[in-house]
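Here's the structure, in structure tokens; my notes come after.
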There are 2 protein chains.
Amino acid sequence: MSLVKGNCIVAQSGGPTAVINSSVYGVLKRFLEVSEGGKVYAGANGIQGIIEGKIFDLGALDSSEQEMLKYMPSAALGSNRYKLKDPKTMPEEYENIFSTFEKLDIKYFFYVGGNDSMDAASKLNEYAQANGHDVKIFGVPKTIDNDLVGTDHCPGFASAAKYICNTAIECWMDVNCYKDEGIIIIEVMGRDTGWLAASSGIIQKAVPDVNQLIYLPEAPFTESKFIEDVKKAREKNGKILIIASEGLKDENGEYINIDSNCYSSDAFGHKQLGGIGRYLQEVIKENIHNRVKMIELNITQRCARHCASKTDIDEAIMVGEAAVDYAIKGISGYMVGIKRTTDKGYKAVADLVPLNEVCNMVKKVPVEWINIEKATVNQEMIDYIEPLIVDQVDSFQSNGLVKYVNLTKKFVNLD
Amino acid sequence: MSLVKGNCIVAQSGGPTAVINSSVYGVLKRFLEVSEGGKVYAGANGIQGIIEGKIFDLGALDSSEQEMLKYMPSAALGSNRYKLKDPKTMPEEYENIFSTFEKLDIKYFFYVGGNDSMDAASKLNEYAQANGHDVKIFGVPKTIDNDLVGTDHCPGFASAAKYICNTAIECWMDVNCYKDEGIIIIEVMGRDTGWLAASSGIIQKAVPDVNQLIYLPEAPFTESKFIEDVKKAREKNGKILIIASEGLKDENGEYINIDSNCYSSDAFGHKQLGGIGRYLQEVIKENIHNRVKMIELNITQRCARHCASKTDIDEAIMVGEAAVDYAIKGISGYMVGIKRTTDKGYKAVADLVPLNEVCNMVKKVPVEWINIEKATVNQEMIDYIEPLIVDQVDSFQSNGLVKYVNLTKKFVNLD
């Protein structure tokens, strides 16, 4: 195989995950393998860094720092929530980016992120094609929300799910060691989709006596049904584990209790009761029982590398590598999807998904996978999550703390 | 060595931990080794179960269930918060207990727990001696609060600390991957002592760029100093990690903001702002900056076996074994303490601590280990925690979830 000419650049975007650096590691290692001495640049803080010329040489990191990308949680390159303007109204931004690419002889751009990042990559791809820039552009999926279409699942999701499931089991065992009644509500992320909450259904397999209720945005929420569910669960057992997505919605698709929960940005205390978990806690206290604890996992669930899934890490690396493999064949404008094959047990393979079919779409938990009546999930959902959360890697340093290094960023001079 | 006659009983009490079952495992395994075919009974839900005659045969569990005790978080025997009455006013309770012990030929009682459990064990020991009951009584320490006197540290503490430190690092890396400012407050347990909060000081060693402030009950809290601290930290870096014990106190030893935080049991929403974390969040929002997240770890930190310290597990087993070793020598009325030796690196050995010197005492973080001015801890605190959180064991089942089994409890018939 002849070696590839030119350089590449990789950047990260959106909320960080336990494995987003693993995808960067995949891009870096594979590109160095196939390249004729080319460079792997990184944009600091995503596309925003590229626009601002904050670009550093990832391949110049010493090998121990490169290896660290495989283990380190969060976004080591820096992330951003910058939204690219429309190329028609703001072509300067695009001209700026491609001019930088030209200066640095960048022929490949890999953007690791979620919906917004795929949208940015799609716009850049269209601009490149319309303006004759020979840069191959690829999206590398990442999101704990697991809501990208065209892929069986998204790197980052499984590790977050694994952390949530283990935390939920541990909390259940905590409340369950007492004779007294006790209800625990765990609020997990998911504003529009309930993949993380739904994943917790697998607890029922590991802990058959768990008395669990699951609420997610895909199942319209009513307070009266919720009260009824809790009362019914309480007849079975005075201990109940409730897992709720932050974005519960009513039958009209409106967020529940939007005035008093975290969607309000009021800074003066009284309205800031917290999110949906706090609301559900109040509903139970007022209607059922006073012993109810609420745990909002908040950002702990995003980068919980200490409880990451090896499958997730391996796949995060795989999609990074596959993006390089596809791009150097001359393909552009795609996201690397994950296709699940189950012929001989679970296997994940890379797949091509057109970027313009991904961006601004949301993949929801199929309603057939949910049992709304019983506030739980069906076997399909359990079968789906089961192979994704298995196996561990040692993400710890010798001192018992997760691996960390402050990357030596040698910024390039673009003048 | 001649084998020991008679049976023993073990029970668990107080808040569960990641390793309290490991101590039961230590008692069980060692007693079966040294006993002449004696039984190891367990009291379900602590002393309360013993009073109610809810006692089962732990040695009758099959070996896979016995092994599971080594790995499973929370209190597998069941816990309780029952407080033994004074033997002078309520001798019936004590007569009941010792009559049960006699029926079951129980010569040794091992109580795994914190301050209250040591108090119960102490009372039982005094009663036994005053009334001629030949039962050796031992306390086995357990508490994530680490506040028992007479021992260098308490099993359960190190695993909780390790979980908190890793979670805090991951949250710091999360907030730190953005360019925007961001403050994170993590509220950890500790109503009267700040061992868990103080432990997080070790983060500074693993992540040198962390911009961290630590608040604990041992350091009198004032709102004005807090605001000043945060403002000063913000001059260094717009990202700040704040770790606060739930039980912060003012210069008069009164809990901070006691009206509006979680100590209030008001069930009608408006006053229930949550705990100290929520209060600190409001202080920052009103005085400094609006981008501040608050994470109350709540019970997730108690049984986080998925992030347990191997040192902690090993020591939890060791104190269980040592209790048996001491008791069969005829010693009674002691807790097994942990003595730290540092001649050739860190080593922990068992120690005898009289129960009546332990109960109702609280060991605080030494003020010399805290830097109140800078809201951080000194090197002594870091040296103290460092060897306790190292090494992992695989606490997971093949499905990626923490090990769990519902113990087969064959209750004895006392009639």
Per the list (1) surrounded by 15 or more Cβ atoms within 10 Å (Cβ to Cβ); (2) within 17 Å of the chain's Cα centre (by Cα); (3) over 30 Å from B:ILE185 (Cα atoms), residue check on B:ALA322 breaks on (2)
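Okay, residues lined up against (1) under 26 Å from B:ALA75 (Cβ atoms); (2) in contact with a strand residue (DSSP E or B) (Cβ under 8 Å, 6 or more places away or on another chain); (3) polar (S, T, N, Q):
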{"position": "B:SER117", "(1), (2), (3)": "yes, yes, yes"}
{"position": "B:ASP147", "(1), (2), (3)": "yes, no, no"}
{"position": "B:PHE157", "(1), (2), (3)": "yes, no, no"}
{"position": "B:LEU196", "(1), (2), (3)": "yes, yes, no"}
With the structure loaded, tell me whether B:GLU315 is in contact with a Gly (Cβ under 7 Å, 6 or more places away or on another chain), in contact (Cβ under 8 Å) with a residue 40 or more places away in the chain, assigned to a helix (DSSP H, G or I) and crowded, with 19+ Cβ neighbours inside 10 Å or whether it fails that test. no
Restricting attention to region B:99-109, does a residue exist that is of a type outside the set (A, V, I, L, M), surrounded by fewer than 22 Cβ atoms within 10 Å (Cβ to Cβ) and either within 14 Å of another protein chain (Cβ to nearest Cβ) or under 21 Å from B:VAL336 (Cα atoms) (or both)? yes
Considering every residue within region B:182-192, establish whether at least one is surrounded by 21 or more Cβ atoms within 10 Å (Cβ to Cβ), in contact with a Phe, Trp or Tyr (Cβ under 9 Å, 6 or more places away or on another chain) and among the aliphatic types (A, V, I, L, M). yes
Which condition does B:GLU95 not pass, out of (1) loosely packed, with under 15 Cβ neighbours inside 10 Å; (2) at pLDDT 95 or above; (3) under 18 Å from B:SER13 (Cα atoms), if it passes all the others? (3)
Over region A:117-138, the set of residues in contact with a Phe, Trp or Tyr (Cβ under 9 Å, 6 or more places away or on another chain) and part of a helix (DSSP H, G or I) is A:SER117, A:MET118, A:ALA120, A:ALA121, A:LYS123, A:LEU124, A:ASN125, A:TYR127, A:ALA128
Matching residues in region A:345-398 - criterion: being charged (D, E, K, R) and not in a loop (DSSP other than H, G, I, E, B): A:LYS347, A:ASP351, A:GLU357, A:GLU368, A:GLU380, A:ASP383, A:GLU386
What are the residues in region A:403-415 that are exposed (fewer than 15 other Cβ atoms within 10 Å of the Cβ), more than 7 Å from chain B (Cβ to nearest Cβ) and either in contact with a helix residue (DSSP H, G or I) (Cβ under 6 Å, 6 or more places away or on another chain) or not β-branched (Val, Ile, Thr) (or both), if any? A:LYS410, A:PHE411, A:ASN413, A:LEU414, A:ASP415
In region B:39-65, which residues are of a type outside the set (A, V, I, L, M, F, W, C), in contact with a helix residue (DSSP H, G or I) (Cβ under 7 Å, 6 or more places away or on another chain) and farther than 21 Å from A:TYR178 by Cα? B:LYS39, B:GLY59
State all residues of region B:139-163 that are within 16 Å of B:ASN115 (Cβ to Cβ) and outside any loop (DSSP other than H, G, I, E, B); if no residue qualifies, say none. B:GLY139, B:VAL140, B:PRO141, B:PHE157
I need the full set of residues from region A:135-153 which are charged (D, E, K, R) and in contact with a helix residue (DSSP H, G or I) (Cβ under 8 Å, 6 or more places away or on another chain), in order please. A:LYS136, A:LYS142, A:ASP145, A:ASP147
Looking at B:GLY337, B:GLY400, B:GLY333, can you tell me which residue is at positive phi and either more than 14 Å from chain A (Cβ to nearest Cβ) or touching a residue at least 12 places away in the same chain (Cβ under 8 Å) (or both)? B:GLY333
Given (1) at pLDDT 95 or above; (2) over 30 Å from A:SER224 (Cβ atoms), number of the condition A:ASP394 does not satisfy: (1)
The number of residues in region A:31-53 that are more than 14 Å from chain B (Cβ to nearest Cβ), part of a helix (DSSP H, G or I) and surrounded by fewer than 20 Cβ atoms within 10 Å (Cβ to Cβ) is 3
Name the one entry in B:VAL349, B:VAL390, B:VAL367, B:VAL353 that is away from chain A (no Cβ under 14 Å), surrounded by 14 or more Cβ atoms within 10 Å (Cβ to Cβ) and out of contact with any His (no Cβ under 9 Å at 6 or more places or on another chain). B:VAL353
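The values are calculated or read from the model by the stated rules, or taken from the named source; none is laboratory data. All values reported here derive from a predicted model rather than from experimental measurement. For neighbour counting, all protein chains shown are included, and Cβ atoms are generated from backbone atoms with ideal geometry for every residue, glycine included.
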